[in-house]
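Notes for the one structure printed next.
The values are calculated or read from the model by the stated rules, or taken from the named source; none is laboratory data. None of the values given here were measured: they were computed from a predicted structure. Cβ placement follows ideal geometry from the backbone for every residue including glycine, while neighbour counts extend to all protein chains displayed. Note: accessible area is taken over every heavy atom of the protein model, side chains too, but ligands, DNA and RNA are not part of it. Shrake-Rupley method; radii C 1.70, N 1.55, O 1.52, S 1.80 Å.
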Amino acid sequence: YTSIKFWKTHHFADDANLFCSHKKLTSLQENINSELINIHTWLCANKLSLNIEKSNYVIFHPPQRKLPVSVRLILNDKQLKKEKCIKYLGILIDSHLNWKPQVESIKNKLKRSVGIISKIRYYVNEQILKNLYYSFIYPFLIYGIIAWGNTYPTTINPLCIIQKKAVRIMTFSKYDAHSSPLFKQLNIVKFSDLIKLYTLLFMFKYHNNLLPTSFNNFFTPTKSIHSYNTRAATNELYYFLRVRTNYGIFNIRFNGDRKSVVRERV
């Protein structure tokens, strides 16, 4: 929308998402309500309707910082519903960005998949079990993993446990069997290593300009920060961001910088 001033817009098919930020909550509310008036005017001018019942918003903030005021967002004289968690392209994003709802959703899906494998394993060979693993379990583990995978280890631990349970079932091992040899036997990557792998692949694609243009200048090369002949600048590494919160530590821009040694020769 050309009439929008304070928002960033993301569109996918018939789904539109608007993003706005401000240090003061009252100013944020004022800016958003002002923009919602423009959006309603634009919709009316283009003879379009918006389903208010399916429209909602979420405010991202640290869990230890409670909102000082109650936010009311109005569109076409109707108040938008506030949510603690929203689904964006199949990924559940919560207001605290701790990714617990996303992990819980994946865990429930994997439980059903593991149940299917546990029943069919008596009638098929190991290769078919692996095919079922890569059809029913693997896609859920890797979808959006660089966004939500780099969170607290205790949060993603349930997924690690379910994956271990799956390989034990596939190999007819005991429930408490050591899982590392089983992963090696099946040639399956552990979930904790999948997080590192896909972060490295992301950095490899970025370094070789294989990502969409929206990621241009996503990272800052060290040689653009200073002209000194340091190891990081010589090896074409990226500037190592300094962060003070877990939000920054878990962000792909921080984790990607730490793994920016991946280059074309890898």
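In this simple spin-label model, placing a label point 7 Å from the Cα along the Cα-to-Cβ direction at both Arg253 and Tyr88 gives a separation of 1.4 nm. Considering the options Ser49, Asn31, Phe19, tell which one lies farthest towards the positive end of the dipole of the stretch 1-119, charges being +1 on Lys and Arg and -1 on Asp and Glu at the Cβ, about the Cα centre. So the residue we want is Phe19.
Only Cα sites of the stretch 121-182 enter the Debye sum here, all with the same form factor; the resulting log10 I(q)/I(0) across q = 0.15 1/Å is -0.53, listed in q order.
Across the stretch 42-158, C-alpha contacts under 8 Å between residues 6 or more apart give a mean separation that, scaled by the residue count, equals a relative contact order of 21 percent. Using R₀ = 22 Å, calculate the FRET efficiency as 1/(1 + (r/R₀)^6) where r is the Cβ-Cβ separation of Lys8 and Ser34; round to 0.05. Taking R0 as 22 Å, the efficiency between Lys8 and Ser34 is 0.90.
Given their separation in residues at 0.36 nm each and the Cα-Cα distance between them, Ser49 and Cys160 gain 35.5 nm when the chain is fully extended.
Please report, as a whole percent, how much of the solvent-accessible surface of the stretch 109-148 comes from carbon and sulfur atoms (probe radius 1.4 Å).
On the way: 1410 of 2310 Å².
The nonpolar share, carbon plus sulfur, comes to 61 percent.
Per atom type, the stretch 41-91 shows carbon and sulfur on 51% of its accessible surface, probed at 1.4 Å. Qualifying chymotrypsin sites (Phe, Trp or Tyr not before Pro) in the stretch 96-198, where qualification requires a DSSP coil assignment and no more than 11 other C-beta atoms within 10 Å, comprise Tyr122, Tyr123, Phe172, Tyr175. Excluding ligands, DNA and RNA, the accessible surface per residue across the stretch 78-166 is 55 Å² with a 1.4 Å probe. A straight chain from Tyr152 to Lys66 at 0.36 nm per residue would run longer than the Cα-Cα distance by 28.8 nm. Each label point was placed 7 Å from the Cα along the Cα-to-Cβ direction; for Arg244 and Lys78 their separation is 4.3 nm.
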